[in-house]
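Asks: This is the structure, below, for whatever I ask next.
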Amino acid sequence: MVLAHTPVLLAECLKALAPQAGGLYLDATVGFGGHSRALLEVAETTVIALDQDPLALQLSLENLAQFGSRVQGVRVNFADFEPTALLGEQFGGFQGILADLGVSSLQLDRAERGFSWRESGPLDMRMGTGETTAADLVNFASEVELARIFHEYGEERFSRRIARSLVETRARTPFTTTTELADHVARVIGYRQKIHPATRVFQGLRIAVNDELGALDRFLTKATQWLAVGGVLAVISFHSLEDRRVKWSFRRDPDLEILTPKPLTPSLEEQRHNPRSRSAKLRYARRIVRNPHDRSA
Ligand SMILES: C[S@@+](CC[C@H](N)C(=O)[O-])C[C@H]1O[C@@H](n2cnc3c(N)ncnc32)[C@H](O)[C@@H]1O
């Protein structure tokens, strides 16, 4: 299998972060290392690369090995990262932080990770090392909880109908694979749109399994405190639940100057070349007051 992930909105991210020689950057979601590579290539920067997925971190560090000690990887949920624990008390803030949210192609394309309805795999969907899998939710969460997950996180119109049917069926036969679940959802609601009928159910489960919105909220609150004055926080989101959080977190923060009144989206050419970029939105903002770590003149 060819392992690849095309970085989304790359030119726009580089424009936003404007990497400078000697600058310290945080790639909070290194994934396959595409954005980090660009940050390291355009100037003599140092990049701290986080990922909660051990395999993604290992592969990205292998991909970026040529940059030696200019890259440092940490396997951690970005919501739990503490820069001073890694960099010591001399840490003075990042010149730029990037979070490219969601799953990577690397995760989606591996059937055994259970993120995709396209191929049969175990109902897992964990990005990190959490304990709860999608199978746990599908087979043990209450009908009300499942309906909430599909409605709130998947924005699925038929959430209650799907939840009721799953609960009835699992009493006879528990769901173990991605295709069992996807086929079941398709039978319950039929093919009504261009997307596969189980797409929203899968999105809802993935967000719940990884507590993606909770982690994003915690990260957004902390990350602005990690920026040096003038440093930029850039976030690429892939659905409205994330984008809304980024928008409001930027608006509420008096320490930030918003540099994208409207989010940037991929050009038609990028969308054609990389269909997974279609729903991407980039927002960024600059820290305009000093943070407690900042020792710059
Ligand atoms: C879209 S991919 C990033 C791709 C990367 N920018 C590139 O160009 O190769 C998102 C990555 O973020 C990781 N991730 C998602 N949520 C995370 C979190 N809360 N903490 C740390 N890593 C996270 C995923 O495991 C995945 O590898």
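Asks: Please work out the Cα convex hull volume for the range 91-160 and give it in Å³ per residue.
Replies: 160
Asks: Toward the positive end of the charge dipole of the chain, about the Cα centre and with charges on Cβ (Lys, Arg +1; Asp, Glu -1), which of Gly130, Asn291, Val144 goes farthest?
Replies: It is Val144, whose Cα lies furthest towards the positive end.
Asks: Let me spell out the model: positive unit charges on the Cβ of Lys and Arg, negative unit charges on the Cβ of Asp and Glu, origin at the Cα centre of the chain. What dipole size does that give, in debye rounded to 20?
Replies: Here the chain has a charge dipole of around 1000 debye.
Asks: Mind listing which GluC sites (Glu not before Pro) in the range 115-165 are in a DSSP loop and have 12 or fewer other Cβ atoms within 10 Å?
Replies: Answer by residue number: Glu131.
Asks: Okay, next question. What share of Cα pairs, in percent, lie more than 27 angstrom apart in the chain?
Replies: Of all Cα-Cα pairs in the chain, 43 percent lie more than 27 Å apart.
Asks: Hey, another quick one. At R0 = 35 Å, how high is the FRET efficiency between Lys222 and Ser142 if r is their beta carbon distance? Nearest 0.05 is fine.
Replies: With R0 = 35 Å, the Cβ-Cβ based efficiency is 0.60.
Asks: Per the helix-only calculation at 222 nm, which mean residue ellipticity applies to the chain, given -39500 (n - 2.57) for every DSSP H run of n ≥ 4 and division by its residues, nearest 500 deg cm²/dmol?
Replies: -11000 deg cm²/dmol
Asks: Just add up the charged neighbours of Ala163: K/R +1, D/E -1, any other residue whose Cβ is under 9 Å from the Cβ of Ala163.
Replies: With Lys, Arg at +1 and Asp, Glu at -1, the neighbours total +2.
Asks: With labels modelled as points extended 7 Å from the Cα through the Cβ direction, what inter-label distance (nm, one decimal) is found for Thr176 paired with Gln72?
Replies: 4.5
Asks: Within a Cβ distance under 14 Å of Phe150, other residues only, what is the Lys/Arg minus Asp/Glu net charge?
Replies: +2
Asks: Once amide H atoms are placed 1.01 Å from N in the peptide plane, what residues at a sequence separation of 5 or more from Ala228, or on another chain, have their amide H within under 5 Å of its amide H?
Replies: Phe94, Gln95
Asks: Going by the alpha-carbon gyration tensor, a ≥ b ≥ c the square roots of its eigenvalues, is the range 129-209 rounded (a/c under 1.5) or, if a/c is not under 1.5, prolate (a/b greater than b/c) versus oblate?
Replies: Verdict is rounded for the range 129-209.
Asks: Something else now. Pull up all non-local amide H partners of Leu259: gap of 5 or more, or a different chain, and H-to-H distance under 5 Å with H placed in the peptide plane.
Replies: Tyr284, Ala285, Arg286
Each reported figure results from applying straightforward, stated rules to the coordinates on display, with no laboratory input. The model shown is predicted, which means the values in this text are computed figures rather than measured ones. No Cβ is skipped: glycine too gets one built from the backbone with ideal geometry, and neighbour counts run over all protein chains shown.
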